[in-house]
Amino acid sequence: MGPNKAAKIFASRYPDAASFEVTLYGSLAATGKGHMTDKAILEVLEPVAPVNLVWKPQVYLPFHPNGMNFKALDTKNNVLDSWTVYSIGGGALSEGDKPGVMDEPKDVYGLNTMTEIVKWCDDNGCSYWEYVDQCEDDGIWDYLMEVWQVMKASIERGLEHEGRLPGPLNLPRKAPIYYVKATGYKPSLQTRGLVYAYALAAIEENASGGIIATAPTCGSCGVLPAVLYHLSRGHGFSDRRILHALGTAGLFGNVAKQNASISGADVGCQGEVGVACAMASAAACQLFGGSPSQIEYAAEMGLEHHLGMTCDPVCGLVQIPCIERNAFAATRALDANLYASFSDGKHRVSYDRVVRVMKKTGHDLPSLYKETSEGGLATTL
């Protein structure tokens, strides 16, 4: 998503360029083909002019592992402009420490830690979604309805699609099989099997280039939709309550993104699947009537128990171990909700502290284990 967005920005600046040269660096180059990064760039730039793609997986730019450089050239191969930009997770872009002309997202929320937000909720007798409602503009709930519709559609398509996922691993889609098998079990086991199926359906749609909702990233797009879809169908929660849960989930995701990272290339899979689990844990706890402190506790556990998780995709594809991780994180989110609901919400380690630990842990991890596909599980196949 990030490289695709960057290509659109650069193409709009130089619609008359004779050719383009795009260099991908670090993790973005190491896993680029598996993540369809080349396709995402070429589908934008090739209709404008020929493109030369250069891959430099061993070269890391200083600001972020997912670096890109775009060059526009004239008919004599003279460089008209050169632009370095970074894909920092969930489709977001940054020009690093350089103040640029790229539009930066406005700071929607005045409070940027859950400690501050929990206090606001307690002082005002409100829930998290009401804080979201206060900070966002009038279109937020229509936007979240669109997100919810995309989430549902990705699951329903994934449950119907059969066959092999693209790529050299020749992995068969599992969501339809898990769904059919789950429906044959007794209710005590059926719940778990259905959540597996829903998470597999969404993340397998991502692995095949389908339309999904980043939550918070493409590689973790199965966790939150699976939990919400299951609770919507199995417990009859209305769309209105689902949207409020989505607003709360987004709030926890934003705090992690603001104070740490949601990029696997930056902090490992804990920033993707770990944050997704925290978001889903918070959403589920709110739906079941959790207090602000219980909801924060559920999210804290969802992230805490993914600390240190590496990002080592086999062949650079968002398949192994990513697909199974989405399924397990979805059920872990339901467990976090249940555990927090049994408590009074009091706990020693706050969500904010876990976010800070995630950032430090991620930066302490050797780069080999952060979306390079050259270490860890990726070396077993």
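Across the chain, the mean sequence separation of Cα contacts (distance under 8 Å, 6 or more residues apart), normalised by length, yields a relative contact order of 16 percent. Shown in residue order for the stretch 198-209 are the 3J(HN,Hα) couplings computed by the Karplus curve 6.51 cos²θ - 1.76 cosθ + 1.60 at θ = phi - 60°: 5, 5, 4, 4, 5, 6, 6, 5, 5, 5, 9, x Hz (x for Gly and Pro). Protein heavy-atom accessible surface, 1.4 Å probe, per residue over the stretch 36-191: 59 Å². Solvent exposure of the stretch 201-360, expressed per residue, is 31 Å² of accessible area, with all protein chains present and a 1.4 angstrom probe. Think of the stretch 58-180 as having a plus end and a minus end, set by charges on the Cβ of Lys, Arg, Asp and Glu; of Y178, S82, L111, Y178 sits farthest toward the positive end of this dipole.
Residue pairs exceeding 21 angstrom between C-alpha atoms, taken from K5/K98; K257/K359; K8/K39; K8/K33; K33/K257; K5/K359: K33/K257; K5/K359.
Per-residue Karplus couplings for the stretch 358-375, computed as 6.51 cos²θ - 1.76 cosθ + 1.60 with θ equal to phi - 60°, are listed in order as 4, 4, 5, 4, x, 6, 7, 5, x, 4, 4, 9, 10, 6, 9, 6, 10, x Hz, Gly and Pro entered as x. The antiparallel fraction among DSSP beta bridges confined to the chain stands at about 70%.
Shown here for the stretch 256-351: GluC sites (Glu not before Pro) in loop regions (DSSP other than H, G, I, E, B) with at most 14 other Cβ atoms within 10 Å, of which there are none. Accessible surface of the chain, 1.4 Å probe: 52 percent of it comes from carbon and sulfur atoms. For the stretch 300-362, trypsin sites (Lys or Arg not before Pro) meeting the loop criterion (DSSP other than H, G, I, E, B) and having at most 14 other Cβ atoms within 10 Å: K346, R348. Taking a ≥ b ≥ c as the square roots of the eigenvalues of the Cα gyration tensor of the stretch 202-323, is the shape rounded (a/c under 1.5), prolate (a/b larger than b/c) or oblate? Oblate, since a/c reaches 1.5 and b/c is not below a/b. Computed about the Cα centre, the dipole magnitude for the chain is approximately 1080 debye when only Lys and Arg (+1) and Asp and Glu (-1) carry charge, each at its Cβ. By the Cβ distance rule (another cysteine Cβ under 4.7 Å), the unpaired cysteines of the chain are C121, C126, C135, C218, C221, C277, C285, C315, C322. The protection proxy used here, the mean number of other Cβ atoms lying within 10 Å of each residue, ranks peptides 155-165, 306-316 as follows, highest first: 306-316, 155-165.
Using the average count of surrounding beta-carbon atoms within 10 Å as a protection proxy, the listed peptides 22-35, 58-71, 198-211 rank, highest first, as 198-211, 22-35, 58-71. Candidate cross-link partners of K119 among the lysines, defined by an alpha-carbon separation under 19 Å and a same-chain spacing of 8 or more, comprise K346.
The values are calculated or read from the model by the stated rules, or taken from the named source; none is laboratory data. Quantities reported herein were computed from a predicted structural model and do not represent experimental measurements. So basically every Cβ, Gly included, is an ideal-geometry build from the backbone, and we count neighbours across all protein chains shown. The accessibility values were calculated without ligands, DNA or RNA, using every heavy atom of the protein model including side chains. Shrake-Rupley method; radii C 1.70, N 1.55, O 1.52, S 1.80 Å.
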